[in-house]
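The values are calculated or read from the model by the stated rules, or taken from the named source; none is laboratory data. Bear in mind the structure is a predicted one, so any value in this text is a computation, not a measurement. As a convention, Cβ positions derive from the backbone with ideal geometry for all residues, glycine included, and neighbour counts pool all protein chains shown. These accessible areas exclude ligands, DNA and RNA; they are computed on the full protein's heavy atoms, side chains included. Shrake-Rupley method; radii C 1.70, N 1.55, O 1.52, S 1.80 Å.
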Amino acid sequence: MMATKKLNQDGIFQNNAAYFKHYQGTILPSENIKYFDFSDLNIAVIGMNQMVATHLDLICQKAQFVKVFQMSPHFVLPHTERGINRLISHPLIIKNRRLFNQRVKSLLAIRYLDSQVQDNWLKRQLMPNSAADKKVFFKSDTYYTALQRDNCKLITWPIVKINQNAIQSMEGVEHIVDVIISTYDQD
């Protein structure tokens with residue numbers, strides 16, 4: 001009861017199981033994406049992880065519509081980045097490898113975003129904070145392609161609540177969905 005009170009009083013959506021308890025549709029953990037048939041369904045993806053980055057384009061190819069609710073922009077690198085590892089292993093770089101590795105990866109991710117997304121507004125919404133202390137990098141050759149499909153929409157408005165069959169975002173829109181792909185840790 002106490003957790004429910006706190007949940008309703010603070011009003012800030014957290015990507016954890018407690019906020020999904022009223023939803024009556026299918027909640028699919030992201031680890032199970034590759035085993036699910038998304039044909040002709042309306043899909044919501046809340047958050048981001050490597051499974052979503054890898055499989056979003058395949059989901060879009062089968063689903064009727066996909067809405068990606070972005071908590072914060074992330075760094076996405078092309079899946080093929082073998083040359084970076086050789087550069088970082090150079091003896092002159094080895095001393096500051098971790099720092100250099102983060103800087104190079106950040107720059108490459110931003111350049112990759114710039115080359116893959118033509119729409120300036122979408123590019124701005126996807127731009128990660130390069131000054132962040134903890135940077136998370138995902139690898140995908142098709143993530144940005146998927147977000148630019150006609151049946152996929154990036155939603156950056158914060159989620160207010162999830163009810164029986166929809167996700168309500170802060171701008172007041174209720175997004176009715178058949179399946180929610182969850183990216184929170186199942187613990």
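What the table below lists for this structure:
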quantity	calculated
Given (1) at pLDDT below 85; (2) among the polar types (S, T, N, Q); (3) in contact with a strand residue (DSSP E or B) (Cβ under 7 Å, 6 or more places away or on another chain), number of the condition ASN85 does not satisfy	(3)
Qualifying residue in the range 127-144 (condition: modelled with pLDDT under 95, open to solvent by 60 Å² or more (accessible area, probe 1.4 Å), more than 14 Å from the chain's Cα centre (by Cα) and of a type in the set (S, T, N, Q))	yes
Some residue of the range 22-33 being farther than 24 Å from GLN168 by Cα, at pLDDT 75 or above, assigned to a helix (DSSP H, G or I) and under 16 Å from the mean Cα position of the chain (by Cα)	yes
Pairs where the first residue, in the range 6-19, is at pLDDT below 55 and the second is of a type in the set (A, V, I, L, M), C-beta under 6 Å, 6+ apart	LEU7/ALA18
Where a residue in the range 135-151 is more than 15 Å from PRO73 (Cα to Cα) and its partner, wherever it lies, is outside any loop (DSSP other than H, G, I, E, B) and small (Gly, Ala, Ser), with Cβ under 9 Å and at least six apart	THR142/ALA53
Count - residues of the range 155-187 that are touching a Lys or Arg at 6+ places or on another chain (Cβ under 8 Å) and either at pLDDT below 90 or open to solvent by 20 Å² or more (accessible area, probe 1.4 Å) (or both)	1
